[in-house]
Every structure is written in C-alpha cells, then in structure tokens.
Amino acid sequence: MRYLTAGESHGPRLTAIIEGVPAGLSLTAAAINKDLKRRQGGYGRGARMQIETDQVDITSGVRHGKTTGAPITLHVMNKDHQKWLDIMAVEDIEAHLKSKRRIKHPRPGHADLVGGIKYRFEDLRNSLERSSARETAIRVAIGAVAKCLLAELGIETAHHVVVFGGKEIAIPNGLTVEEIRSRASESELSIVTPEREKEIKDYIDQVKRDGDTIGGVVETIVCGVPVGLGSYVHWDRKLDAKLAQAVVSINAFKGVEFGLGFQAGYRKGSQVMDEITWSKETGYRRLSNNLGGFEGGMTNGEPIIVRGVMKPIPTLYKPLMSVDIDNHEPYKATVERSDPTALPAAGLVMEAVVATVLATEIIEKFSADNMEELKEAVAQHRTFVKEF
C-alpha cells in the first residue's frame, strides 16, 4: 500500500491518493469523518479548529460502500482558503499582491528558514504552507482507511496521552485496548484517568495565559497483530524501524520508543527480556511485554506499544527572537495561529500513521487482491503460528 499527500495549509484542499487497498473493504466517508472530527477536538486547540469542519470527499476507488482495488482518492477542503485567494493563487499575480502576508521573519523551531534556504524562497510562506501541521488532517484520513482494514482482521488500535508538559498520567493496571480507546475518546485531553482532567486543563489555561506552549508524550497500542510482520534479514525491513520513521515524520515529533523504551537502558537484561511460554490453547506467549511487541524487528504476537514525544508547538504568541531575511537585522518571529498544546490531536495522528504502516506491512506479506483472500491468508497464518 502506497500513498501520496498534497496540499498547503491555506490552499484549496488537501489530497491523498492511496494505492494497493484490497477490493471489498467496507469504506464510507462517515468512517473517515469520525476521525477527522476527533482530530479537530481536544482541549487547548486554537482558532483554526473553529474555522474548519473537516469532511472527506472520496472521488475514486470506492463504489457502493466497497473498495474496488483501484487507487483511492481523498480530498479534505480548506474553507479558510476563500480568505487567501490572492495570497495562495496558482497563477502569477501583481507584485503588490504577492507581498501580502509575506513571511520574512522565520519562526524558531519551524521549517521556515531552512526551507527557504534549501528551495531559495524570497517568501518563507512557501515553507510554512507545506510544512504546516494542517497536513496531518489528510494523514488522519489515510489512517482511518487503514484502521478499517485492520478492524476487519481483528486488529484493534487505541491511543492516549501519557505526559502533558512534564505531568505524567498514570495508567490504571489491567485496562484493555477497548477500555483505553473508550476512556480516551470521552476525554477532552485523551487521557484514561478522568480524575486528572481539571488539573491538566488548569495547567493548559495557565500556559496559554503565559503565551507559551507545552509538549508531551502520546502512546499507541495495537492488539491482534499477526506474528512475524517485518524482518530481521535487512535493516530497512525491520518493522519497528518503519514505525519509528512514521512517528517521527509527524509534525513536532522528536522521539519514539517501544515498550520500556529508554528505560531499558537503566535495567539489567533479566529485567528487560520477555520470557516465552506455550500452551495448547494460546500457543506462544510472553510473560511480559517490555519490548513492546517486537523482537528482531518483527512482531512477536504481543500488543505493540509505541510512544512518541512531541515538542512544544514552536509558534508562540510571545514570539522568540529571529532575523529579518532582507536586512539580517534582529526581529521578533512571525506569529501565525497557534495552540497552547495539540497533544490530544497528535495522539490521533500517531495512531493513524502507526495503523497505516501496519496495514501496508500486512498487505505486503499476505495475498491481498481482495478482502476475502486477505482474511483467509491471515487466518491460515494464525493457525500455523499456534501449532508451530
């Protein structure tokens, strides 16, 4: 499964073309729109979320509620584009119109300056528009397609926030993936401990009053993944490596870990490795899941547990110092729209990209021209693993 996204933050629309989805997958715009709506929610979101009401248009690859096996085209319109018709015009326009909303004071932590240097832009808006987190809307739409495929194979996904700006959110023992998904979806903060809601919201409000932003850590959990996805044979076929790349590709994500992650560096081997058991009923199992569902770059049948760290949003309402690219004089950075935090939405984006990588890996491993064929192949593989 391959996909390509296109579009700018204030352009007319975001577009994705997805190739390789099996025929016969049940898919509707409503299923995608549910996730698009969740992306726009969450405590701490700013003005853009009040402007846009994201809805997807499916213009190819689906007929009568089922995929056809042909490339799927998704569009998400940008309503705000109507206010930017001159600024984002495709055709050449008069010089005085080109200078409207020109960006010449790059924002620290953004792609503005480096993108301008790389592509030789006099207006850093070209960097800003494509590097904007607005692009994550279309990746959430792609992830929704992937999650539909995973769900038909009995694979469940969920996400939640585990750290808000240094405030750790304890996870109650024994929660199932379904319970985590349910609790997080009912929370404006995407956390599983409702008793922490007021404390975290008050903290976010204070950060906003200070003109600052906070980052944190989000976790995605995936259950029911077949054993043996990925490979130890070649470095670029290790599935945890592919997931790490996908997570860090999300705007503002700067790190990723699986299972114990960096904590494994503080423990002895006997405290980290997951001991193996076998029974006739369940087949092979691990007594723990410190490695987050991976061994040797391959899935081992335990739940995948992956965390990503998101830096604070770099656009500040009390902007940091920058430089005017015309005269190289010190200047306050440009201020575009910003949020004190986007962690609840970031968790959904992370779940989407993880689901997309896993769906791609499944399609590559198993015969997958159509869903019946794919389901049969996955079922046969699970039987083989249990009897091995």
Problem set entry | Cβ-Cβ under 6 Å pairs, at least 6 apart or on other chains, the stretch 93-111 side free of Cβ contacts under 8 Å to residues at least 24 places away in the same chain, far side open to solvent by less than 50 Å² (accessible area, probe 1.4 Å) | Lys100/Ile87; Arg102/Asp123; Ala111/Ser127; Ala111/Ser131
Exercise. Can you spot a residue in the stretch 218-230 that is open to solvent by 40 Å² or more (accessible area, probe 1.4 Å) and free of Cβ contacts under 8 Å to residues at least 60 places away in the same chain?
Worked result: no
For this session: Could you give me the residue pairs with C-beta distances under 7 Å whose first residue belongs to the stretch 265-294 and is touching a residue at least 40 places away in the same chain (Cβ under 8 Å), whose second residue is open to solvent by 50 Å² or more (accessible area, probe 1.4 Å) wherever it lies, and which are 6+ apart or on separate chains?
Result: Gly283/Lys386; Tyr284/Ile276; Tyr284/Trp278
Seminar exercise, completed: By residue number, the members of the stretch 321-370 that are assigned to a strand (DSSP E or B) and either more than 19 Å from Thr213 (Cα to Cα) or open to solvent by less than 60 Å² (accessible area, probe 1.4 Å) (or both) are Ser322, Val323, Pro330, Tyr331, Asn370
Problem set entry | Residue satisfying all of: in the stretch 282-300; surrounded by fewer than 21 Cβ atoms within 10 Å (Cβ to Cβ) and at positive phi; modelled with the lowest pLDDT among these | Gly283
Problem set entry | Matching residues, the stretch 110-133, being in contact with a strand residue (DSSP E or B) (Cβ under 9 Å, 6 or more places away or on another chain) and farther than 18 Å from Phe253 by Cα | Leu113
Seminar exercise, completed: Over the stretch 246-281, the set of residues surrounded by 12 or more Cβ atoms within 10 Å (Cβ to Cβ) and aliphatic (A, V, I, L, M) is Ala246, Val247, Val248, Ile250, Ala252, Val256, Leu260, Ala264, Val272, Met273
Problem set entry | Complete set of residues in the stretch 88-105 that are at negative phi and either among the charged types (D, E, K, R) or open to solvent by less than 10 Å² (accessible area, probe 1.4 Å) (or both) | Glu91, Asp92, Glu94, Lys98, Lys100, Arg102, Ile103, Lys104
Problem set entry | Positions within the stretch 6-43 being open to solvent by less than 30 Å² (accessible area, probe 1.4 Å) and among the charged types (D, E, K, R), in sequence order | Asp35, Arg39
For this session: Identify all residues within the stretch 156-174 that are hydrophobic (A, V, I, L, M, F, W, C) and over 27 Å from Val145 (Cβ atoms); write none if there are none.
Result: Val163, Phe164, Ile169, Ala170, Ile171
For this session: Please identify the pairs in which a residue from the stretch 363-388 that is at pLDDT below 95 has its Cβ atom under 7 Å from the Cβ atom of a residue that is not hydrophobic (A, V, I, L, M, F, W, C) and not in a helix (DSSP H, G or I), counting only partners at least 6 apart or on another chain.
Result: Lys386/Gly283
For this session: Could you please let me know if Ala31 is assigned to a helix (DSSP H, G or I) and at pLDDT 95 or above?
Result: yes
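The values are calculated or read from the model by the stated rules, or taken from the named source; none is laboratory data. Nothing here was measured: the structure is a model prediction, and the numbers come from that model. Note that we place each Cβ from the backbone using ideal geometry, even for glycine, and neighbour counts take in every protein chain shown. Calculation scope for accessible area: heavy atoms of the full protein, side chains included, ligands and nucleic acids excluded. Shrake-Rupley method; radii C 1.70, N 1.55, O 1.52, S 1.80 Å.
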